[in-house]
Structure formats: structure tokens, C-alpha cells
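The values are calculated or read from the model by the stated rules, or taken from the named source; none is laboratory data. This structure is a prediction, so every number in the text was calculated from the model and none was measured. In this analysis, Cβ positions are derived from the backbone assuming ideal geometry, glycine residues included, and neighbour counts consider all displayed protein chains. Protein only, heavy atoms only, side chains kept; ligands, DNA and RNA dropped before computing areas. Shrake-Rupley method; radii C 1.70, N 1.55, O 1.52, S 1.80 Å.
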Amino acid sequence: MSLLSALLDRIFPAKCPFCGRVLDRPGICDACRGELPWTEGADALRRGPGGFLCAAPLWYQGLAREGLHRFKFRGMSSAAAPLGELIAGCAAEHFSGAFDTVTWVPASPRRLRQRGYDQARLLAESACRLWETKPLPLLRKTVHNPAQSGLKEAAARRANVLGVYEAVDPERISGHRILLVDDVVTSGATLSECARLLRSAGAAEVLCATLAQARKS
């Protein structure tokens, strides 16, 4: 370890993304690993509107929800490394060999300025480090729409994401089998729209992976 790395570790120690406990190294504490709401077997896979298939290692509740809120709304960008590793493990388990390109659901420029980072991009980059590759920016958000979390009705969520994204770099989309990464899937409206755009741009397949998924009511 370099002197600079050692100094940074003392100033900004690694913390568990779910409970905030200080750790010796980046990761998830043993207590949280035992209490997280893990999906199991086929429950990790969810078929969303438009037919997309999404894999998620956690249910969006309890500690998983708290950890995502720390990461997404409280500036804990360092959580991307351990959270992205969970996504990578789940995607590898369920989609191994089924994709050759990785991208993410992008934030709007306004949201990026507010938050300081694009949480889905960080998760995709973290997952890709384990696969020794890099995600590609294949989508762009052109409209700053209201947050999906503030909308309860499925129809309102679907309407809220129409026309706010566009596919870019079609040469890197056409014919490719794409893994689309986001932080959480609730109604599935956002992933459905982004997957539709990628397929319309020529993608041979679009699979999705998130850290957590909401239970169907």
C-alpha cells in the first residue's frame, strides 16, 4: 500500500454501505451480510413490462433500502464498489455468457450536478471491474423528469419516462447482447423504456441487473 493510500484510508475509512460501520477494508460487514434480504433462486429474476428480464440479489426493503438511500441520497459514493460486486455476482450467476456489452440507466445532467455522481454508472463500473471490462455509455437522458419514487401509480410511472431517454452510439448497440444496470427496479417502467430504446437501436438482446427489486404487491 502506498503512503497516499494509507493516508486516505485513515482520513476516509471504509464503511459498510448498509449500516455505516467502519471496516478494515472496503466491503460489507458480517452482521449485515447475515441480515440482508437476499433473493433466492428463481426469485432473483423478475420479468418486467415489455418482457425484459432483470436479476437482483436483494429485495428492496429493510437494510437493502437503507443502504441504497445512503449510496444514492447521502453522498456515500464509495459504496459503489461493494454494491456493484453484488450486482456482478448475481448477473454472473443468472446471465453468464448471455451478454457481451454493459451499459447503465443514465442520470440527467441536472441530477448529476445535484448529486455529484451517477449512481447507476458507478455500479456498472464496479461490476465491470470484476469482469475486466468497462461499461459503455449507450443511453442519454435528455429530459429532467420528476423522480419515479414520487409516483405511485404504474401508469404515471410509465408516462413519466416516455421521451426522456435516447439511444446513442448505434454501432456499439447493433447486434450486441447488452446488460443494462440500474440501482433498483420497482414498477419496471424505467428499465422497460431503456430496454425498448436499445432494442429499437438494434440490440440483439437486453438483460437487466439491479442491486434490489421491489416485491410485487
Exercise. Using 7 Å Cα-to-Cβ label points, what is the Arg74/Trp38 separation (nm, one decimal)?
Worked result: 2.4
Problem set entry | Helix axis angle, 119-130 relative to the chain longest principal axis, alpha carbon, degrees | 70
Exercise. If you average 1/r over all unlike Cα pairs in segment 84-140 and invert the result, what Kirkwood radius do you get in angstrom?
Worked result: 12.0
Exercise. Between the helical axis of 80-95 and the dominant principal axis of the chain, each derived from Cα atoms, what acute angle in degrees is found, rounded to the nearest 10?
Worked result: 50
Seminar exercise, completed: Residue-normalised value, i.e. accessible area per residue, for the chain at 1.4 Å probe, in Å², stands at 52
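Taking 0.36 nm per residue of separation and subtracting the Cα-Cα distance, what length does fully extending Glu153 through Arg111 add?
Details: separation 42, 0.36 × 42 = 15.12 nm, distance 2.27 nm.
My answer for the length gained is 12.8 nm.
Ignoring ligands, DNA and RNA, what percent of the 1.4 Å accessible area of segment 1-137 is carbon and sulfur? List each step's numbers first, then the result.
On the way: 3780 of 7510 Å².
Using a 1.4 Å probe with all protein chains present, segment 1-137 comes out at 50 percent carbon and sulfur.
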Seminar exercise, completed: Taking the alpha-carbon centre of each part, the distance from segment 18-45 to segment 48-92 in Å is 11
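In whole percent, what relative contact order does the chain give with Cα contacts below 8 Å and a gap of six or more residues? Before the final figure, lay out each step's value.
Details: 398 pairs, mean separation 48.6, N = 217.
Value for the chain: 22 percent.
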For this session: Would you mind calculating the relative contact order of segment 127-217 from Cα pairs under 8 angstrom and at least 6 residues apart, reporting the percent as a whole number?
Result: 28
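Quick one: work out the % antiparallel among DSSP beta bridges in the chain, nearest 5. Before the final figure, lay out each step's value.
Details: 8 of 25 bridges.
The antiparallel proportion sits near 30 percent.
Using only Cα atoms, figure out Rg for the chain and give it as a multiple of 2.2 N^0.38 Å.
Working: Rg = 17.0 Å, N = 217, 2.2 N^0.38 = 17.0 Å.
Normalised by 2.2 N^0.38 Å, the Cα Rg of the chain equals 1.00.
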Exercise. Scanning the chain for GluC sites (Glu not before Pro) in DSSP loops with at most 14 other Cβ atoms within 10 Å, what's the longest stretch left with none?
Worked result: 41-131
For this session: Report, to the nearest 10°, how far helix 189-200 tilts away from the longest principal axis of the Cα atoms in the chain, using its own Cα long axis and a range of 0 to 90°.
Result: 60
Seminar exercise, completed: Under the rule rounded for a/c under 1.5, else prolate if a/b exceeds b/c, else oblate, using alpha carbon gyration tensor axes a ≥ b ≥ c, segment 14-70 is classed as prolate
Problem set entry | Gyration tensor verdict on segment 19-112 (Cα atoms; rounded if a/c is under 1.5, prolate if a/b is larger than b/c, oblate otherwise) | oblate
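Treating the beta-carbon of each Lys and Arg as +1 and of each Asp and Glu as -1, no other charges, what is the dipole magnitude of the chain about its Cα centre, to the nearest 20 debye? Working shown, then result.
On the way: 29 positive and 21 negative charges, 161 e Å.
Roughly 780 debye for the chain.
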